[in-house]
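Have a look at the structure below, then the notes.
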Amino acid sequence: MTPVAERFQKALTATSRADVLAALRPRRATALGPLEINRLVAHLRQLGEPPVAVKLVLLRTYTTDLLKTYWPLEGLLNGLDISVYEAPYGVIHEEGGAGTEDAKPDMACFFLRAEDLHPALRDPVSALSDEARATVVDEAVAQLDNILSSFRRASPLALGVVTLLPPMHGPELGQFDAMAGESSGDLRSQLKRRIAKNLREKHAAVLFDDLDELAAEVGRATLFDPRLWFSSRFPWSVAGAQALVRRLVRYATVLKYPRAKVIVLDADNTLWGGIVGEDGPDGIALGPEYPGSAFVAFQRRLLDFQQRGILLAMCSKNNPDDVAEVLRDHPHQLLRESHFAAMRVNWEPKIDNLKSLAKELNLGLDSFVCVDDSPHECFQVKQQLPQVTVVAAPQQPVEIPWTLDDIPSLEILSLTHEDRERTAMYVQERQRKQLATRSTDYGQYLGSLEMEMTVSLDDRRHLQRIVQLTQKTNQFNLTTRRYLETDIERMIEHPDWLVADFSLTDVFGDSGIVGVALVNGLRGTTAEVDTLLMSCRVIGRGAETAFLQTILDECAQRGVQRIRAQYLPTRMNGLVKDYWPRHEFAESDGWFHADLPHRAFSEASAIRVTVVRPTSGGSRAAARASVSSS
Amino acid sequence: MHQIETVKDLMAATFGIESDRIGAQTAQFDIVEWDSVGHLNLMLSLEQTFGVTLDVEQMTQLTSVPAILQYLEAACRPQ
C-alpha cells in the first residue's frame with residue numbers, strides 16, 4: 001500500500017475523531033478521492049461524537065460550487081457540521097440582498113479578486129506612478145469598506161473572512177519583478193497590507209486571509225485547474241480546493257471550540273533526540289547535525305507559537321537536574337527555563353502533572369495541547385483527560401518540526417500586546433511567588449514590588465483587549481457580561497458610559513491590560529457598575545482595591561453621588577462573592593450601594609495610580625472637559 | 001465487468017443518490033442531480049479514480065454511462 005492509502009485505512013478503523021485526524025496527518029499533500037471522502041464522512045458520522053452546527057455564507061465573484069464536496073469532511077474532522085449557503089453568484093454588494101440576513105451565518109467568506117475592488121487592477125500596473133498606485137489602493141480599500149458595511153448591516157454577528165484570488169501567472173515583469181521598485185508584486189503587497197490595516201481599525205470581527213499563502217503552501221502550478229477556470233469560472237484544482245477548504249474551516253473551528261492556550265511538551269524524543277537520563281546532556285541529539293537539526297528546528301517552530309500568545313510548558317518523566325542542565329547549559333537548546341510558563345519534571349503520572357499544570361496556570365485542560373512521543377502516555381491522556389488535545393510526536397525526526405502545523409486550535413483570530421508578552425508575565429509571576437515566600441511581612445512584600453497602576457479611560461487603542469477580557473474572564477468577574485467590539489466601541493463614544501482599564505507594573509515587569517470596569521449612568525446622580533473584572537494573575541496585591549478606588553474617585557469627580565453594583569453568581573466566580581461588602585458597599589434588594597465620595601481604602605496604599613484620559617480632540621473629549629470643569 | 005460498478009459508485013457518491021438509480025444506459029438528462037456542477041465533480045472523480053486526464057472537450061462529451069465506459073475502456077486499455 002502507498003503511504004496515503006495506508007493512512008486512509010487507518011483513519012477508517014480509528015475509533016475516535018481525534019484518531020481519524022491523527023491518522024490523516026500530515027494533511028499537506030493528501031488529496032483524497034471522492035469515494036474515500038464519502039467513506040470517511042460516513043465513518044465520522046457513526047463515531048457517536050455529535051458535531052457542532054456551523055453556518056457558512058459564501059459571497060463570491062467567481063464560482064465556488066465545486067467546493068461543496070469538501071466542506072462536510074473537513075468540518076466533521078474538526079467536530080463541525082457545516083451548512084453552506086452560497087449567495088447568488090456575483091452579488092457581494094447589495095444591501096442584505098445576498099440573503100445573508102435569513103441565513104444568520106456564523107461565518108461569511110468573501111471570495112474576491114483584486115480587480116473586483118478596482119478596475120485598474122485588471123490591467124498592467126508596473127508603469128503606474130506612485131501617486132496613481134496610492135489612489136488605486138485607497139479606492140480599492142474604500143470599495144471593500146462598502147462591501148463590508150452592507151454585509152455587517154445584514155449579519156451583525158458573523159465572522160467575516162475576506163480573500164483575494166491569488167494571481168494565476170507569475171508577476172508582470174517576470175523574474176525581474178522583485179528587482180523593480182514599482183511592480184505588480186509590490187502593488188499587491190501594498191494592497192494586502194492596507195486591507196489588513198483597514199480591517200483591524202474599522203471592521204470588528206472581519207479578517208483578511210491571505211490566499212497567496214495558500215499558493216505558497218500548495219504551489220501555483222498545483223493550486224489552479226485552468227480547465228475548470230476557463231470553462232466554469234472555478235479556479236481551484238482538487239488539491240487546491242481541499243487545501244482552501246481546510247484553511248477556511250480552521251476559522252470555524254476556532255469560533256466553535258476552545259482555543260489552545262498551552263502547549264505541554266515532553267522532553268526526551270520530543271524536544272531533543274534520545275533520553276537525557278541515559279545518554280547524558282552531551283549525548284542527546286540536538287544541534288547542527290542530523291537528527292539533532294530536526295529537533296532544533298522544532299524548538300524554533302515552538303517559539304512561533306509563543307508569539308501567538310500560546311504558553312509553553314514542560315511535562316517530562318526525568319530527573320529534574322538532568323533537564324535543568326540541558327535547559328541551562330546545552331549550546332543548541334533554544335528553549336530555556338524562561339520560555340516555559342510552568343514545568344513538571346518528575347516521576348509522577350502524566351495525568352496528575354497535567355492537572356496540576358492546569359491549576360498553576362489557571363487554565364482549563366480543554367486549552368491544553370499535549371505533545372509526547374510515547375504512544376503509551378498519549379493513550380493514557382486521551383483516555384483519562386479527553387478534553388486535552390493529544391498530539392503524537394512523529395517517529396521520523398524530519399517530520400518533527402511540523403508536528404503542530406495542522407492543529408486548528410493553535411490559530412488565532414486576534415493578537416494583542418498582552419498575547420505577545422504572556423509567557424514573560426507567567427515567568428514574572430513565578431518570581432513574585434518566590435519573593436513572597438522569602439518575605440516575612442506581607443505589607444513589606446507588597447512595598448518591595450514597587451507597583452504602579454495605569455488606569456486608562458475610554459481608550460480606543462485598548463478596544464480589542466477589553467473585548468477579549470470581557471469574553472474570557474470567568475473567575476474575577478462580578479457580572480460576567482460578554483461584549484463585542486461594537487458594544488465597547490459604542491460605550492466609549494457614549495457620554496453616559498465610562499470604559500476603564502488598567503495595567504500594572506512592578507519590579508518584575510509589566511502585566512499589560514488586566515482589568516476592565518464598565519460604568520453606566522455617568523450623567524445622572526446614580527451610576528451603575530455594569531462590569532468589573534480582572535485577570536486572576538494580579539489578584540492579591542491590592543490591585544482590585546486600587547482600581548475600584550480610582551473608578552469611584554472618577555465618578556465622584558464627574559458629579560455622581562451614588563454607585564450601585566451587582567454580583568451575579570456563576571459556576572466560576574465564587575471568588576468575588578464578597579467583593580462589594582469588603583469594599584463597604586451596603587446590600588439591599590440584591591444590589592450593593594455606596595455613597596460618593598468614598599473614603600480612601602488603605603489596602604490600595606502600596607500601589608501608585610496614574611489616570612490617563614483620552615487626548616484626541618474629538619467632541620467626546622470636549623464634552624468630558626466641560627464636565628470635569630463644572 | 002467491475003468498471004461499471006465503480007462508475008456507478010462514483011456517480012452515486014458524487015450526486016448523493018442511490019446507485020440503483022443508475023443503469024448501463026443512464027444519461028445526464030435521466031438524473032436531476034446530474035447538473036453542471038455535479039457533472040464537473042463526476043469528471044474530477046473519474047480522473048482521480050482511474051488516473052486519467054480529461055480535456056475540456058472530453059468533459060463536455062462524457063454525459064452518459066455508455067460514453068464514460070467507452071472512454072475508460074479506450075484510455076485504460078493495457079498498451
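The values are calculated or read from the model by the stated rules, or taken from the named source; none is laboratory data. Only a predicted model underlies this, so the values are computations on that prediction, with no experimental measurement involved. Cβ placement follows ideal geometry from the backbone for every residue including glycine, while neighbour counts extend to all protein chains displayed.
Points worth noting:
- Near pairs, Cβ below 6 angstrom, 6+ apart or cross-chain, from the range B:44-68 (in contact (Cβ under 8 Å) with a residue 60 or more places away in the chain) to any residue that is not hydrophobic (A, V, I, L, M, F, W, C): B:Val65/B:Thr26
- Residue list for the range A:394-429, restricted to those being among the charged types (D, E, K, R), closer than 29 Å to A:Phe208 by Cα and either in contact with a helix residue (DSSP H, G or I) (Cβ under 6 Å, 6 or more places away or on another chain) or modelled with pLDDT under 90 (or both): A:Asp406, A:Glu411, A:Glu418, A:Asp419, A:Arg420, A:Glu421, A:Arg422
- Of A:Gln444, A:Gln468, A:Gln475, A:Gln428, all but one fail to be touching a Gly at 6+ places or on another chain (Cβ under 6 Å) and in the same structural domain as A:Asp553 (by TED's automatic domain parsing); the exception is A:Gln428.
Condition check ((1) within 14 Å of chain B (Cβ to nearest Cβ); (2) touching a residue at least 60 places away in the same chain (Cβ under 8 Å); (3) touching a helix residue (DSSP H, G or I) at 6+ places or on another chain (Cβ under 6 Å)) across all residues:
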position	(1), (2), (3)
A:Leu199	no, no, no
A:Asp212	no, no, no
A:Ala239	yes, yes, yes
A:Leu265	no, yes, no
A:Val276	no, no, yes
A:Ala285	no, yes, yes
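- B:Gly51 vs. criteria within 14 Å of chain A (Cβ to nearest Cβ) and within 19 Å of A:Arg227 (Cα to Cα): yes
The rows are residues; the columns are (1) modelled with pLDDT of 95 or more; (2) touching a Phe, Trp or Tyr at 6+ places or on another chain (Cβ under 9 Å); (3) not aliphatic (A, V, I, L, M).
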{"position": "A:Val20", "(1), (2), (3)": "no, no, no"}
{"position": "A:Pro34", "(1), (2), (3)": "no, no, yes"}
{"position": "A:Leu47", "(1), (2), (3)": "no, no, no"}
{"position": "A:Thr100", "(1), (2), (3)": "no, yes, yes"}
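- Answer residue from the range A:42-54, given it is crowded, with 18+ Cβ neighbours inside 10 Å and either without any contact (Cβ under 8 Å) to a residue 60 or more places away in the chain or within 14 Å of another protein chain (Cβ to nearest Cβ) (or both) and is farthest from the chain's Cα centre (by Cα) among those: A:Leu44
- The set of residues from the range A:571-585 being closer than 19 Å to A:Ala546 by Cα and either outside the structural domain of A:Val560 (by TED's automatic domain parsing) or surrounded by fewer than 18 Cβ atoms within 10 Å (Cβ to Cβ) (or both) comprises A:Leu575, A:Lys577, A:Asp578, A:Pro581, A:Arg582, A:Glu584.
- Some residue of the range A:242-251 being touching a Pro at 6+ places or on another chain (Cβ under 8 Å) and either surrounded by fewer than 20 Cβ atoms within 10 Å (Cβ to Cβ) or within 14 Å of chain B (Cβ to nearest Cβ) (or both): yes
Yes/no matrix, rows are residues, columns are (1) surrounded by 20 or more Cβ atoms within 10 Å (Cβ to Cβ); (2) assigned by TED's automatic domain parsing to the domain that holds A:Asn362; (3) in contact with a strand residue (DSSP E or B) (Cβ under 9 Å, 6 or more places away or on another chain):
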{"residue": "A:Thr270", "(1), (2), (3)": "yes, yes, yes"}
{"residue": "A:Gly280", "(1), (2), (3)": "no, yes, no"}
{"residue": "A:Ser316", "(1), (2), (3)": "yes, yes, yes"}
{"residue": "A:Leu327", "(1), (2), (3)": "yes, yes, yes"}
{"residue": "A:His330", "(1), (2), (3)": "no, yes, yes"}
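- Test: B:Val32 is without any contact (Cβ under 8 Å) to a residue 12 or more places away in the chain, more than 10 Å from chain A (Cβ to nearest Cβ), within 27 Å of A:Thr64 (Cβ to Cβ) and over 10 Å from the mean Cα position of the chain (by Cα): yes
- Hey, A:Ala178 under 18 Å from the mean Cα position of the chain (by Cα), of a type in the set (A, V, I, L, M, F, W, C) and more than 14 Å from every other protein chain (Cβ to nearest Cβ) or not: no
- Of the helices (runs of 4 or more DSSP H) entirely within the range A:172-282, those holding at least 2 residues that are of a type in the set (Gly, Ala, Ser) occupy A:184-202, A:211-218, A:226-232, A:238-256.
- Among residues of the range A:63-74 that are more than 8 Å from chain B (Cβ to nearest Cβ), those with a beta-carbon under 7 Å from a residue that is polar (S, T, N, Q) at least six positions away or on a different chain give the pairs A:Thr63/A:Ser232; A:Tyr70/A:Gln242.
- Note on the range A:468-486: residues that are in a helix (DSSP H, G or I), free of Cβ contacts under 8 Å to residues at least 60 places away in the same chain and buried (at least 17 other Cβ atoms within 10 Å of the Cβ) amount to 1.
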